[in-house]
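*Asks:* Can you read through this structure? Questions will come right after.
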Amino acid sequence: MRCNELCVGGGVIRTELPAFVMGIVNITPDSFWSGSRCALHAVHDAVDKALMQIADGAQIIDIGGESSRPGAEYVSAEEEIARIIPVIQELRSKSDCVISVDTRKQQVMQAAYEAGANMCNDISALEDDEAAAEYIAETGIPVILMHKRGNPVIMQQHTSYTDVFAEVDSYLHQRIEYALSKGIQKKQIIIDPGIGFGKDLAANRILIQECGKLCGGQYPVLMGLSRKTCIGEMTGRDVAGRLAGTLAANLIAVQCGASIVRVHDVRETVDMLKILRNL
(Lines give C-alpha, C1' and ligand atoms only; values in the text may rest on other atoms or scores of the structure.)
Protein backbone atom coordinates (compact mmCIF):
# COMPACT_ATOMS: atom_id res chain seq x y z
CA MET A 1 0.00 0.00 0.00
CA ARG A 2 1.52 3.30 -1.05
CA CYS A 3 -0.11 6.09 0.94
CA ASN A 4 0.11 9.88 0.91
CA GLU A 5 -0.99 10.39 4.49
CA LEU A 6 0.24 9.21 7.87
CA CYS A 7 -1.37 9.47 11.30
CA VAL A 8 0.99 11.31 13.65
CA GLY A 9 0.37 12.96 17.01
CA GLY A 10 -3.39 12.75 16.86
CA GLY A 11 -3.42 14.32 13.41
CA VAL A 12 -2.52 13.50 9.84
CA ILE A 13 0.40 14.59 7.69
CA ARG A 14 0.11 14.48 3.92
CA THR A 15 2.43 14.71 0.97
CA GLU A 16 1.81 15.72 -2.63
CA LEU A 17 4.84 13.69 -3.68
CA PRO A 18 4.65 9.97 -4.50
CA ALA A 19 6.29 9.22 -1.13
CA PHE A 20 7.26 10.89 2.14
CA VAL A 21 10.92 11.83 2.55
CA MET A 22 12.60 11.05 5.87
CA GLY A 23 15.92 12.82 6.43
CA ILE A 24 18.67 11.10 8.42
CA VAL A 25 20.48 12.86 11.27
CA ASN A 26 23.01 10.60 13.00
CA ILE A 27 24.46 11.75 16.31
CA THR A 28 27.09 9.03 16.18
CA PRO A 29 30.83 8.70 15.61
CA ASP A 30 30.53 5.47 13.61
CA SER A 31 27.58 5.50 11.19
CA PHE A 32 28.65 3.96 7.89
CA TRP A 33 28.79 7.19 5.87
CA SER A 34 30.85 10.01 7.34
CA GLY A 35 28.67 12.58 5.56
CA SER A 36 25.70 11.54 7.68
CA ARG A 37 27.39 12.00 11.04
CA CYS A 38 27.04 14.97 13.36
CA ALA A 39 29.71 15.40 16.01
CA LEU A 40 28.73 14.33 19.49
CA HIS A 41 27.47 17.24 21.61
CA ALA A 42 27.50 19.60 18.59
CA VAL A 43 23.80 20.26 19.07
CA HIS A 44 23.55 23.35 16.88
CA ASP A 45 25.26 21.61 13.96
CA ALA A 46 22.84 18.68 14.14
CA VAL A 47 19.84 20.98 14.36
CA ASP A 48 21.10 23.07 11.44
CA LYS A 49 21.46 19.87 9.41
CA ALA A 50 17.88 18.89 10.25
CA LEU A 51 16.54 22.35 9.42
CA MET A 52 18.35 22.25 6.08
CA GLN A 53 16.72 18.90 5.32
CA ILE A 54 13.31 20.34 6.22
CA ALA A 55 13.93 23.31 3.95
CA ASP A 56 14.87 20.85 1.20
CA GLY A 57 11.54 19.06 1.59
CA ALA A 58 11.83 16.41 4.31
CA GLN A 59 8.63 15.98 6.30
CA ILE A 60 10.16 13.57 8.79
CA ILE A 61 13.55 13.83 10.50
CA ASP A 62 14.97 10.57 11.90
CA ILE A 63 17.40 11.22 14.75
CA GLY A 64 19.58 8.39 15.99
CA GLY A 65 22.28 8.04 18.61
CA GLU A 66 23.26 4.41 18.01
CA SER A 67 24.78 3.16 14.77
CA SER A 68 23.30 0.01 13.24
CA ARG A 69 25.85 -0.38 10.43
CA PRO A 70 27.25 -3.90 9.95
CA GLY A 71 29.76 -4.56 12.71
CA ALA A 72 28.60 -1.75 14.99
CA GLU A 73 28.47 -2.21 18.75
CA TYR A 74 25.35 -1.12 20.60
CA VAL A 75 25.56 1.74 23.11
CA SER A 76 23.81 2.20 26.44
CA ALA A 77 20.46 3.94 26.82
CA GLU A 78 22.16 6.64 28.88
CA GLU A 79 24.66 7.38 26.11
CA GLU A 80 21.93 7.40 23.48
CA ILE A 81 19.88 9.84 25.53
CA ALA A 82 22.85 12.13 26.11
CA ARG A 83 23.50 12.23 22.35
CA ILE A 84 20.02 12.83 21.00
CA ILE A 85 17.79 14.57 23.55
CA PRO A 86 19.40 18.04 23.33
CA VAL A 87 19.05 17.85 19.53
CA ILE A 88 15.40 16.82 19.69
CA GLN A 89 14.61 19.56 22.19
CA GLU A 90 16.22 22.31 20.14
CA LEU A 91 14.79 21.07 16.85
CA ARG A 92 11.30 20.91 18.34
CA SER A 93 11.67 24.51 19.52
CA LYS A 94 12.34 25.56 15.92
CA SER A 95 10.13 23.26 13.84
CA ASP A 96 6.82 21.40 13.94
CA CYS A 97 8.14 18.67 11.61
CA VAL A 98 7.65 15.03 12.49
CA ILE A 99 10.63 13.91 14.56
CA SER A 100 11.37 10.19 14.54
CA VAL A 101 13.68 8.65 17.11
CA ASP A 102 15.78 5.77 15.82
CA THR A 103 16.02 3.51 18.88
CA ARG A 104 15.32 0.02 20.20
CA LYS A 105 14.94 1.03 23.85
CA GLN A 106 11.82 2.09 25.76
CA GLN A 107 13.86 4.37 28.03
CA VAL A 108 15.18 6.26 25.02
CA MET A 109 11.74 6.30 23.36
CA GLN A 110 10.25 7.89 26.46
CA ALA A 111 12.99 10.51 26.83
CA ALA A 112 12.66 11.36 23.14
CA TYR A 113 8.86 11.56 23.26
CA GLU A 114 9.00 13.85 26.29
CA ALA A 115 11.54 16.03 24.43
CA GLY A 116 9.26 16.37 21.40
CA ALA A 117 9.68 13.31 19.16
CA ASN A 118 6.46 11.90 17.72
CA MET A 119 7.51 8.74 15.84
CA CYS A 120 9.69 5.73 16.65
CA ASN A 121 11.92 3.85 14.20
CA ASP A 122 12.73 0.52 15.88
CA ILE A 123 15.15 -1.72 13.97
CA SER A 124 14.30 -4.55 16.38
CA ALA A 125 10.56 -4.41 15.59
CA LEU A 126 9.83 -4.15 19.33
CA GLU A 127 11.80 -7.31 20.13
CA ASP A 128 14.73 -5.90 22.07
CA ASP A 129 12.83 -4.21 24.91
CA GLU A 130 9.66 -5.78 26.30
CA ALA A 131 8.47 -2.42 27.63
CA ALA A 132 8.64 -0.72 24.24
CA ALA A 133 5.37 -1.98 22.75
CA GLU A 134 3.26 -0.94 25.71
CA TYR A 135 4.85 2.50 25.65
CA ILE A 136 4.11 2.91 21.93
CA ALA A 137 0.51 1.87 22.60
CA GLU A 138 0.23 4.31 25.50
CA THR A 139 1.54 7.29 23.55
CA GLY A 140 -0.16 6.44 20.25
CA ILE A 141 2.89 7.41 18.19
CA PRO A 142 3.65 5.69 14.87
CA VAL A 143 6.21 2.91 15.00
CA ILE A 144 8.37 1.47 12.22
CA LEU A 145 8.86 -2.29 12.53
CA MET A 146 11.96 -3.51 10.67
CA HIS A 147 13.19 -6.96 9.74
CA LYS A 148 16.75 -7.91 10.60
CA ARG A 149 18.70 -10.98 11.64
CA GLY A 150 20.59 -10.83 14.91
CA ASN A 151 22.52 -7.71 15.86
CA PRO A 152 24.78 -5.56 13.67
CA VAL A 153 27.91 -7.41 14.78
CA ILE A 154 26.76 -10.73 13.29
CA MET A 155 23.90 -9.94 10.93
CA GLN A 156 25.91 -10.12 7.71
CA GLN A 157 27.05 -13.63 8.64
CA HIS A 158 23.46 -14.85 8.14
CA THR A 159 22.25 -13.84 4.68
CA SER A 160 20.94 -17.13 3.29
CA TYR A 161 17.20 -17.54 2.69
CA THR A 162 15.09 -20.22 1.06
CA ASP A 163 12.53 -17.56 0.08
CA VAL A 164 13.53 -14.12 1.31
CA PHE A 165 10.21 -12.44 0.54
CA ALA A 166 8.19 -15.12 2.33
CA GLU A 167 10.50 -15.12 5.36
CA VAL A 168 10.60 -11.33 5.73
CA ASP A 169 6.85 -11.15 5.14
CA SER A 170 6.18 -13.80 7.78
CA TYR A 171 8.41 -12.06 10.32
CA LEU A 172 6.73 -8.70 9.79
CA HIS A 173 3.29 -10.32 10.08
CA GLN A 174 4.36 -11.82 13.41
CA ARG A 175 5.66 -8.50 14.73
CA ILE A 176 2.49 -6.74 13.61
CA GLU A 177 0.38 -9.30 15.46
CA TYR A 178 2.54 -8.78 18.54
CA ALA A 179 2.16 -5.01 18.30
CA LEU A 180 -1.60 -5.26 17.90
CA SER A 181 -1.80 -7.62 20.88
CA LYS A 182 -0.11 -4.95 23.00
CA GLY A 183 -2.68 -2.32 22.09
CA ILE A 184 -0.88 -0.61 19.19
CA GLN A 185 -3.38 0.38 16.52
CA LYS A 186 -3.06 -0.64 12.89
CA LYS A 187 -2.86 3.01 11.82
CA GLN A 188 0.31 3.44 13.92
CA ILE A 189 2.26 0.71 12.15
CA ILE A 190 4.79 1.17 9.34
CA ILE A 191 6.91 -1.73 8.08
CA ASP A 192 10.48 -1.87 6.77
CA PRO A 193 12.05 -4.93 5.09
CA GLY A 194 15.47 -3.96 6.44
CA ILE A 195 17.60 -3.59 3.33
CA GLY A 196 21.14 -4.67 4.19
CA PHE A 197 20.25 -6.07 7.59
CA GLY A 198 21.17 -9.73 7.22
CA LYS A 199 20.64 -9.79 3.44
CA ASP A 200 22.87 -10.23 0.44
CA LEU A 201 22.50 -8.45 -2.89
CA ALA A 202 20.08 -11.02 -4.32
CA ALA A 203 17.80 -10.72 -1.29
CA ASN A 204 17.92 -6.93 -1.35
CA ARG A 205 16.98 -6.87 -5.04
CA ILE A 206 13.90 -9.00 -4.41
CA LEU A 207 12.77 -6.87 -1.47
CA ILE A 208 13.15 -3.64 -3.44
CA GLN A 209 11.10 -5.05 -6.30
CA GLU A 210 8.44 -6.60 -4.08
CA CYS A 211 8.29 -4.11 -1.21
CA GLY A 212 4.72 -2.99 -1.86
CA LYS A 213 3.44 -6.55 -1.52
CA LEU A 214 4.71 -7.04 2.02
CA CYS A 215 1.97 -7.90 4.53
CA GLY A 216 -0.58 -7.92 1.75
CA GLY A 217 -0.03 -4.25 1.01
CA GLN A 218 -1.96 -3.32 4.15
CA TYR A 219 0.71 -1.16 5.80
CA PRO A 220 2.89 1.75 4.65
CA VAL A 221 6.39 0.58 3.73
CA LEU A 222 9.56 2.49 4.57
CA MET A 223 12.64 1.80 2.46
CA GLY A 224 16.11 2.55 3.79
CA LEU A 225 18.36 2.29 0.72
CA SER A 226 20.45 5.41 1.01
CA ARG A 227 24.09 4.80 -0.03
CA LYS A 228 24.01 1.22 1.28
CA THR A 229 26.33 -1.61 0.33
CA CYS A 230 23.86 -3.07 -2.17
CA ILE A 231 23.94 0.23 -4.10
CA GLY A 232 27.72 -0.02 -4.18
CA GLU A 233 27.57 -3.63 -5.33
CA MET A 234 25.31 -2.69 -8.23
CA THR A 235 27.23 0.44 -9.25
CA GLY A 236 30.81 -0.29 -8.24
CA ARG A 237 30.89 3.00 -6.30
CA ASP A 238 32.11 3.73 -2.80
CA VAL A 239 29.78 5.30 -0.24
CA ALA A 240 30.49 8.87 -1.35
CA GLY A 241 29.68 8.00 -4.96
CA ARG A 242 26.33 6.26 -4.43
CA LEU A 243 23.91 9.17 -4.75
CA ALA A 244 22.80 8.44 -8.32
CA GLY A 245 22.37 4.75 -7.55
CA THR A 246 20.38 5.56 -4.44
CA LEU A 247 18.05 7.86 -6.37
CA ALA A 248 17.43 5.16 -8.98
CA ALA A 249 16.79 2.47 -6.36
CA ASN A 250 14.42 4.72 -4.41
CA LEU A 251 12.53 5.63 -7.57
CA ILE A 252 12.00 1.93 -8.30
CA ALA A 253 11.03 1.22 -4.68
CA VAL A 254 8.39 3.96 -4.76
CA GLN A 255 7.07 2.70 -8.08
CA CYS A 256 6.84 -0.73 -6.44
CA GLY A 257 4.83 0.59 -3.50
CA ALA A 258 7.08 2.25 -0.90
CA SER A 259 5.44 5.12 1.01
CA ILE A 260 8.51 6.53 2.81
CA VAL A 261 12.14 6.77 1.72
CA ARG A 262 14.77 7.30 4.42
CA VAL A 263 17.65 9.25 2.90
CA HIS A 264 20.79 11.24 3.49
CA ASP A 265 20.27 13.42 0.41
CA VAL A 266 16.90 15.10 0.80
CA ARG A 267 17.00 17.78 -1.90
CA GLU A 268 17.98 15.35 -4.64
CA THR A 269 15.39 12.82 -3.49
CA VAL A 270 12.63 15.43 -3.52
CA ASP A 271 13.62 16.43 -7.05
CA MET A 272 13.48 12.79 -8.14
CA LEU A 273 10.00 12.39 -6.62
CA LYS A 274 8.80 15.57 -8.33
CA ILE A 275 9.85 14.14 -11.66
CA LEU A 276 8.12 10.86 -10.86
CA ARG A 277 4.97 12.76 -9.92
CA ASN A 278 4.94 14.62 -13.22
CA LEU A 279 5.60 11.72 -15.58
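The values are calculated or read from the model by the stated rules, or taken from the named source; none is laboratory data. Computed from a predicted structure; not experimentally measured. Here Cβ is always computed from backbone atoms with ideal geometry, including for glycine, and neighbour counts include all displayed protein chains. In case anyone asks, the SASA skips ligands and DNA or RNA and just uses the protein heavy atoms, side chains included. Shrake-Rupley method; radii C 1.70, N 1.55, O 1.52, S 1.80 Å.
*Asks:* Within the range 209-225, how many residues turn out to be within 14 Å of R2 (Cβ to Cβ), part of a helix (DSSP H, G or I) and not charged (D, E, K, R)?
*Replies:* Counting residues in the range 209-225 that are within 14 Å of R2 (Cβ to Cβ), part of a helix (DSSP H, G or I) and not charged (D, E, K, R) gives 6.
*Asks:* Please identify the pairs in which a residue from the range 44-71 that is at pLDDT 95 or above has its Cβ atom under 9 Å from the Cβ atom of a residue that is aromatic (F, W, Y), counting only partners at least 6 apart or on another chain.
*Replies:* A58/F20; Q59/F20; I60/F20
*Asks:* Would you pick out the residues in the range 50-84 that are open to solvent by 20 Å² or more (accessible area, probe 1.4 Å) and assigned to a helix (DSSP H, G or I)?
*Replies:* Within the range 50-84, L51, M52, I54, A55, D56, E78, E79, I81, A82, R83 meet the criteria.
*Asks:* With respect to I260, determine if the residue is touching a helix residue (DSSP H, G or I) at 6+ places or on another chain (Cβ under 7 Å) and either closer than 21 Å to D169 by Cα or of a type in the set (D, E) (or both).
*Replies:* no
*Asks:* I would also like to ask the following. On the basis of being assigned to a loop (DSSP other than H, G, I, E, B), open to solvent by less than 30 Å² (accessible area, probe 1.4 Å) and basic (K, R), does R104 make the cut?
*Replies:* Against the criterion (assigned to a loop (DSSP other than H, G, I, E, B), open to solvent by less than 30 Å² (accessible area, probe 1.4 Å) and basic (K, R)), R104 qualifies.
*Asks:* Restricting attention to the range 107-130, and to residues there that are part of a helix (DSSP H, G or I) and touching a residue at least 24 places away in the same chain (Cβ under 8 Å), which single residue is surrounded by the fewest Cβ atoms within 10 Å (Cβ to Cβ)?
*Replies:* Q107
*Asks:* Among the residues of the range 139-146, is there at least one that is outside any helix (DSSP H, G or I) and more than 17 Å from the chain's Cα centre (by Cα)?
*Replies:* Yes - at least one qualifying residue is present in the range 139-146.
*Asks:* Only one residue in K213, K274, K182, K186 is over 18 Å from I24 (Cβ atoms) and touching a residue at least 60 places away in the same chain (Cβ under 8 Å). Which one?
*Replies:* K274
*Asks:* Consider only pairs whose beta carbons are under 7 Å apart and that are at least six residues apart or on different chains; among these, list those whose first residue lies in the range 1-21 and is open to solvent by less than 60 Å² (accessible area, probe 1.4 Å) and whose second residue is assigned to a strand (DSSP E or B) and of a type in the set (D, E, K, R).
*Replies:* Taking only residues 6 or more apart or on different chains, the pairs are I13/E5.
*Asks:* Could you tell me whether the range 191-202 includes any residue that is of a type in the set (G, A, S), open to solvent by 10 Å² or more (accessible area, probe 1.4 Å) and within 29 Å of V75 (Cα to Cα)?
*Replies:* Scanning the range 191-202 turns up at least one residue that is of a type in the set (G, A, S), open to solvent by 10 Å² or more (accessible area, probe 1.4 Å) and within 29 Å of V75 (Cα to Cα).
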